[in-house]
Amino acid sequence: MAEEQVTPASIYDRGHLITESTNPASANLDQLSPLELVDLFNEEDLNTVKAIANARESLSKTIELTTQSLKSGGRLFYVGAGTSGRLGVLDASECPPTFCTDPEMVQGIIAGGKDALVRSSESLEDSASDGATVVDQKNISDADIVIGITAGGTTPYVHGAILRAQELGAKTVFIACVPESQVPAPGSIDADIRLVVGPELLTGSTRLKSGTATKMALNIISTGSMVCLGKVYGNQMIDVSVTNIKLYDRAVRIISTLLNISRNSAEELLQQARNKVKLSLVMYWTNLSVNESQKLLDKCGGSLRRALALHED
């Protein structure tokens, strides 16, 4: 099992962390008007964009690692506690409707489980052994990738999960909003993403800039990986899951736009293709039947561009 490598000093004396520091720009926060509050938050939030830009190489590496794992049949796990955990669960839950992925492919793990999504359970983040246990419960292996998220970098639950995942041979990524000099990543990490946004306007409230930057990073990781997996054509989500009126409308518009055909024609094609946008496109561009188009896609690992290129050959 993973050892508790976060020392008591780093847990209980965290005043040196940038995420716990006082922001001089908000020294009079409680005296500002609503408009002044909005302007100050807006100005500070510019730091989130800079933080993402500074982490571009580690984000790119993470997309590469994630794509490799998912292509080989592995899974992506986000692990966090509190806000960090909720952000991971949110990103994971958006993948099935957006990219028609199996819910098992991208999963969010939060300390305290589902109850922690709607009710504060921050005390549950203090056990590294609990983080290691959940990794075992998920049967994580060397085919998977585990991304630990902790704004302040010290969350024992996340450290425990990352270290146990490393023992099992999984790829591991660490996301924190403090520099490595303040909190090193646990064990031997494959990618270390540091989103240093500076002290929060409300001292220690990492659901603010830190949370915003983290959400931006997860957007990039999951969407970038899905692009690399062939679930996007141009800038269209051609694997969208048609499960409600909004997504049906989007699917029809994607087909109509890419094929330059009427909405009625797009709806008919979508129906023939069993509500699958990508399959609709293959059928139209190749004149193959539904089953033949599906076989062509399967042969090309679901890649529309590869399927079209193979058919032309």
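No lab work stands behind these numbers, since they all come straight from the coordinates. Predicted, not measured: the structure shown is a model, and the values here were computed from it. Note that each Cβ is placed from the backbone with ideal geometry, even for glycine, and that neighbours are counted across all protein chains shown.
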Note on the range 187-313: alpha-carbon gyration tensor, axes a ≥ b ≥ c; rule is a/c under 1.5 for rounded, else prolate if a/b larger than b/c, else oblate; result prolate
Which cross-chain or sequence-distant (5 or more) residues have an amide H under 5 Å from the amide H of I109, H modelled 1.01 Å from N in plane? Y78, V79, G80
Taking the Cα-to-Cβ direction at T257 and at E292 and moving 7 Å from each Cα, how far apart do the two end points lie in nm? 3.0
How would E36, E200, E167 line up from fewest to most surrounding beta-carbon atoms within 10 angstrom? E36, E167, E200
Find, among the trypsin sites (Lys or Arg not before Pro) in the range 260-308, those assigned to loop by DSSP (not H, G, I, E, B) with at most 15 other beta-carbon atoms within 10 angstrom. R274
Which pairs, out of K246/K295; K50/K215; K215/K276; K278/K299, put more than 18 Å between their alpha-carbon atoms? K246/K295; K215/K276
Can you list which of the GluC sites (Glu not before Pro) found in the range 40-144 are DSSP loop residues with at most 12 other C-beta atoms within 10 Å? E104
Sorted by mean Cβ packing within 10 Å, highest first, what order do the peptides 225-232, 286-293, 13-20 take? 225-232, 13-20, 286-293
List residues of the range 274-293, by number, whose backbone nitrogen lies under 15 Å from a label position 7 Å along Cα→C-beta of E267. 275
Measure of compaction for the range 8-228 (Cα Rg per 2.2 N^0.38 Å): 0.99
